[in-house]
Amino acid sequence: MRAGCCSRSRRGGWWSRVGEGGRVREGARAYLLIAGMWMRSTMAYRFSFAMTTFGNFTATFFDFVAIMLMFSRVDALGGYALPEVAFLYGLSAVSFGLADLVIGSMERLGRRVRDGTLDTLLVRPAPVLAQVAADRFALRRMGRVVQGALVLGWSLTRVDIDWTVGKLLLMPVILVSGFGIFCSVFVAGAAFQFVAQDASEVQNAFTYGGTTLLQYPPTVFAKELVRGVTFVLPLAFVNWLPATYVLGRPYPLSLPEWVAFAPPLVAAGCCALAGLAWRTGLRSYRSTGS
C-alpha cells in the first residue's frame, strides 16, 4: 500500500470537504482525542503515574546537579556565573520539555515503518501527523517541564538583569519559539525515518543532544559549532541569542542585536520546512506488504 493511494482516497472523502483551516482543526481534534485517551489510561493507575513523573523529574534534575558540581570547582563557566547558566538551562529545558510532552512520540515512527503498523494510521480519517504525535501520549514527561521551570524561576531570583518592557515581553516569546523550533526538529527527524527507518538515535542526537548543548554557554564551544547551530540547525535561537540580549552579554559571532528578536520568525520557518519534509516523506512511504 502506498501513502499516495491513501492520500487520493482522502481527497475523495472528508479531505475534499475541508480547507486548510479545516485540516488544522481536524488534526487538533484528533490529537486531543487520542492524547485524552492515553491520559485517561494513565490516570487509572495514579500511584504509578506519580512515581514515573517523579522519576522523570529526578532524572532530568541530575543534569543540573552536574552543572552545580562544576561550579563547586570554578566561579564561572565560559565567563558565565551559575545563575546565568541556570537561566540558559531553564529556557532550554522548558522549551524542550514542552515539545517532548506534546510531540515526543514522533521518535517512534521508524518502528512503525519497519513493522508496517503505520498502514493502520493511513486508512483512518485523521491526519497521520496528529495520530503519530499523540500516540502513547506520556503525561509523565511533565516532570521535565516542571524541573526546568523551577530552575528557570530560581535563576531569575539570582541573576542580575536590568529589566525593561522589551525584556519582559521577550521571555514568553523565547519559550514559545523554542517550543516551536524543537517541535520542528522532532517532525523533521521523523520524516527522515521514512528513508532511514532505523534512525531514532540520529533524531535523538539533535533533540535530546540539542537541549543538552544549549544548557551551556556558547562561549565554551568552538566557533564552528556555534555557527552550525545558528545558520544550519538554528537551535541557538532557542535560548543562546535571545538570552544574550536579556543578560546584556556580547553576542556570539558578533551578530547584530536584532537577532535576539528573530526566534518567532525562525520557529515559523523551521515549522514550514519540517512540514514540507513530513509531506515528502509520507508520500514516499511504501508499506511492508505484510
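The values are calculated or read from the model by the stated rules, or taken from the named source; none is laboratory data. Remember, predicted model here, so these are calculated numbers, not experimental data. Please note: Cβ atoms are built from the backbone with ideal geometry, for glycine as well, and neighbour counts cover all protein chains shown.
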Flag if residue 279 is under 22 Å from the mean Cα position of the chain (by Cα) and either touching a residue at least 40 places away in the same chain (Cβ under 8 Å) or closer than 23 Å to residue 207 by Cα (or both): yes
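Select, from 194, 186, 231, 221, the only residue that is within 16 Å of the chain's Cα centre (by Cα) and either at pLDDT below 95 or on the phi < 0 side of the Ramachandran plot (or both).
Working: 194 fails: within 16 Å of the chain's Cα centre (by Cα); 231 fails: within 16 Å of the chain's Cα centre (by Cα); 221 fails: within 16 Å of the chain's Cα centre (by Cα).
From the options 194, 186, 231, 221, the qualifying one is 186.
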Every residue from the stretch 31-61 that is hydroxyl-bearing (Ser, Thr, Tyr) and not in a helix (DSSP H, G or I): 45
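Please work out which residue is surrounded by the most Cβ atoms within 10 Å (Cβ to Cβ), limiting yourself to the stretch 112-158 and to residues that are assigned to a helix (DSSP H, G or I) and of a type in the set (Asp, Glu). Walk me through how you get there before you give the answer.
To start, the set of residues in the stretch 112-158 that are assigned to a helix (DSSP H, G or I) comprises 112-115, 118-122, 128-134, 139-158.
With the extra rule that they be of a type in the set (Asp, Glu), the set shrinks to 115, 119.
Working: 115: 11, 119: 18.
Result: 119.
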Residue 117 vs. criteria touching a helix residue (DSSP H, G or I) at 6+ places or on another chain (Cβ under 6 Å), at pLDDT below 90 and polar (S, T, N, Q): no
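To keep it simple, each residue is scored yes or no on (1) in contact with a Gly (Cβ under 8 Å, 6 or more places away or on another chain); (2) of a type in the set (D, E, K, R); (3) over 22 Å from residue 162 (Cα atoms).
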residue	(1), (2), (3)
242	no, no, no
247	no, no, no
253	no, no, yes
261	no, no, no
269	no, no, yes
275	no, no, yes
282	no, no, yes
286	no, yes, yes
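Taking the condition of being under 26 Å from residue 162 (Cβ atoms) and either among the polar types (S, T, N, Q) or assigned to a loop (DSSP other than H, G, I, E, B) (or both), how many residues in the stretch 226-240 meet it?
3
Suppose the filter is under 25 Å from residue 154 (Cβ atoms) and either surrounded by fewer than 18 Cβ atoms within 10 Å (Cβ to Cβ) or at pLDDT 90 or above (or both); does residue 93 pass it? It would help to see each step written out before you state the result.
On the way: under 25 Å from residue 154 (Cβ atoms): yes; either surrounded by fewer than 18 Cβ atoms within 10 Å (Cβ to Cβ) or at pLDDT 90 or above (or both): yes.
Spelling it out, residue 93 is indeed under 25 Å from residue 154 (Cβ atoms) and either surrounded by fewer than 18 Cβ atoms within 10 Å (Cβ to Cβ) or at pLDDT 90 or above (or both).
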Test: residue in the stretch 243-264 that is of a type outside the set (Lys, Arg) and closer than 21 Å to residue 130 by Cα: no
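From 195, 187, grab the single residue that is under 21 Å from residue 263 (Cβ atoms), among the aliphatic types (A, V, I, L, M) and part of a helix (DSSP H, G or I). Show your work before the answer.
Numbers: 195 fails: under 21 Å from residue 263 (Cβ atoms).
Step by step, each of 195, 187 is checked, and only 187 is under 21 Å from residue 263 (Cβ atoms), among the aliphatic types (A, V, I, L, M) and part of a helix (DSSP H, G or I).
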Criterion (out of contact with any Lys or Arg (no Cβ under 8 Å at 6 or more places or on another chain) and either within 28 Å of residue 23 (Cβ to Cβ) or surrounded by 21 or more Cβ atoms within 10 Å (Cβ to Cβ) (or both)) met by exactly one of 266, 220, 226: 266
Hits in the stretch 235-259 (condition: at pLDDT below 95 and either small (Gly, Ala, Ser) or under 15 Å from residue 186 (Cα atoms) (or both)): 248, 254
Neighbours by Cβ (under 7 Å, 6+ apart or cross-chain): first from the stretch 33-47, exposed (fewer than 12 other Cβ atoms within 10 Å of the Cβ); second in a helix (DSSP H, G or I) and of a type outside the set (Gly, Ala, Ser): 43/49
Residue count, the stretch 269-290 (criterion: basic (Lys, Arg), surrounded by 13 or more Cβ atoms within 10 Å (Cβ to Cβ) and touching a Ser or Thr at 6+ places or on another chain (Cβ under 9 Å)): 0
